[in-house]
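These notes concern the structure reproduced below.
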Amino acid sequence: MSLACRFLRPAAACTAAAVPRRSVLRWPQPCGWLQQQRRVSDSGSAADAASPPGRCPVTSAASARDDLLRGVDAENRDAVARIVEQAQRAADSWTVVYSDFCTPPVVADAMMVLERMADVAAVPWGGYAQAERCRVAVGREEALDGLAADPSQLDGVAAVQCRGNFLFDPATHRDFLGACLGTGIERGKVGDILVTGEQGAQILCAPNLVEHLETALTQVRTVPVQTQAISLSELQVRAPRVEELSSVEASMRLDAIASAGFRMSRSKMMDLIKAGDVRVNWRSGCKPSAELKAGDVVSVVGKGRLEVAAAEMTKKGKHSVKMVRYL
């Protein structure tokens, strides 16, 4: 399931005849009162400047920041704030800037926040359509125009092939990730890792690290390896294992749909939800009574993901639900 989507306003909305063009919201910037303070000349005094209208500039900036980041999960807040700052710089410089590789919950929260910013577009891309860890490309709408439909044109993700004979010492995803981080790079610079069995793995990474990995990644576990750059078209992406399900439920409550999709009792599902092990559209803090709709994705720790493919009302007033479970 692709995360490659983008929030752009219709072209008509950008014309002068429609809505006046807004400037990009910059929450780290102080309010106008403090800017007036900065313009006071060296010969003047601070008393000559206008007084703050009701509240101090620090409070105003913090309030604007909190308003922009409202609804963001607490554990994702810092990562989303960094992406917002990158978006502001990209808009100012009319360039495209890439975030680090982020988890799906961070990408979901970032896209929600970036939608609130005027003149900014965003496209998440992890190197292939089903990528889990993605970089968020941010920039002016004009700079990213058309790339949501074909994010493969973005140049923010590269890949390397790590080859070795793992017949007698098999390596897992964790082993390849540990070997990459052991070369001195940060976790955010490494995306998905596609293990190719006895031959090694294909590793998604930031383009500026390809040469480093070619030189420094020489061993995984006890196996000597050779690392070289490959094109994204050479990625060996396995088709996801899915199971199609259908159920008739009295409501579209989260606990009802999830218990049917993951084949467990409703009481056990409620316990998982209350424990925080269940996310809806990558967001935590959901309640058992939350109403689902077609297109929603439910993920349970250790059990995979469940997509609500379709939901229709039956003649008896119940919900006929079609689901796809990703194993």
Item to complete: Restricting attention to the stretch 157-183, report how many residues are charged (D, E, K, R), open to solvent by 30 Å² or more (accessible area, probe 1.4 Å), in contact (Cβ under 8 Å) with a residue 24 or more places away in the chain and farther than 19 Å from Glu211 by Cβ.
Response: 1
Discussion item. I'd like to verify a number: residues in the stretch 91-112 that are touching a residue at least 24 places away in the same chain (Cβ under 8 Å), farther than 18 Å from Trp282 by Cβ and out of contact with any Lys or Arg (no Cβ under 7 Å at 6 or more places or on another chain), how many?
Written reply: 3
Practice prompt. Any chance you could count how many residues in the stretch 122-156 are more than 22 Å from Tyr326 (Cβ to Cβ), open to solvent by less than 30 Å² (accessible area, probe 1.4 Å) and assigned to a loop (DSSP other than H, G, I, E, B)?
Written response: 6
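Of these, Ala143, Ala108, which one is more than 29 Å from Arg241 (Cβ to Cβ) and of a type in the set (A, V, I, L, M)?
Ala143
Being in a helix (DSSP H, G or I), of a type outside the set (Val, Ile, Thr) and open to solvent by less than 80 Å² (accessible area, probe 1.4 Å) is the filter here, so list the residues in the stretch 206-221 that pass it.
Pro207, Leu209, His212, Leu213, Glu214, Ala216
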Worksheet, complete the sentence: Residues of the stretch 232-270 being farther than 16 Å from Gly302 by Cα, touching a strand residue (DSSP E or B) at 6+ places or on another chain (Cβ under 7 Å) and either in a helix (DSSP H, G or I) or open to solvent by less than 20 Å² (accessible area, probe 1.4 Å) (or both), in sequence order, are Leu232, Met252, Leu254, Ala256, Ile257, Ala260
Practice prompt. Can you work out which of the residues in the stretch 314-327 that are outside any strand (DSSP E or B) and open to solvent by less than 70 Å² (accessible area, probe 1.4 Å) is farthest from Ser247 (Cα to Cα)?
Written response: Gly317
Worksheet item: Applying the selection to the stretch 281-297, what residues are in a strand (DSSP E or B) and either closer than 15 Å to Ser251 by Cβ or open to solvent by 60 Å² or more (accessible area, probe 1.4 Å) (or both)?
Response: Arg283, Glu291
Practice prompt. Select, from Ser51, Ser43, Ser63, Ser23, the only residue that is assigned to a helix (DSSP H, G or I), farther than 26 Å from Val301 by Cα and at pLDDT below 95.
Written response: Ser63
Discussion item. If I filter the stretch 222-231 down to residues being of a type outside the set (Val, Ile, Thr) and part of a strand (DSSP E or B), which single residue comes out as least open to solvent (accessible area, probe 1.4 Å)?
Written reply: Ala229
Worksheet item: How about the stretch 184-204: which of its residues are open to solvent by 10 Å² or more (accessible area, probe 1.4 Å) and more than 21 Å from the chain's Cα centre (by Cα)?
Response: Gly184, Val195, Thr196, Gly197, Glu198, Gln199
Fill in: Residue check for Ala311: open to solvent by 30 Å² or more (accessible area, probe 1.4 Å) and modelled with pLDDT of 95 or more
yes
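The values are calculated or read from the model by the stated rules, or taken from the named source; none is laboratory data. Note that the structure is a prediction, hence the values are computed from the model and not measured. Note that each Cβ is placed from the backbone with ideal geometry, even for glycine, and that neighbours are counted across all protein chains shown. To get the accessible areas, we keep the full protein, side chains included, count just its heavy atoms, and leave off ligands, DNA and RNA. Shrake-Rupley method; radii C 1.70, N 1.55, O 1.52, S 1.80 Å.
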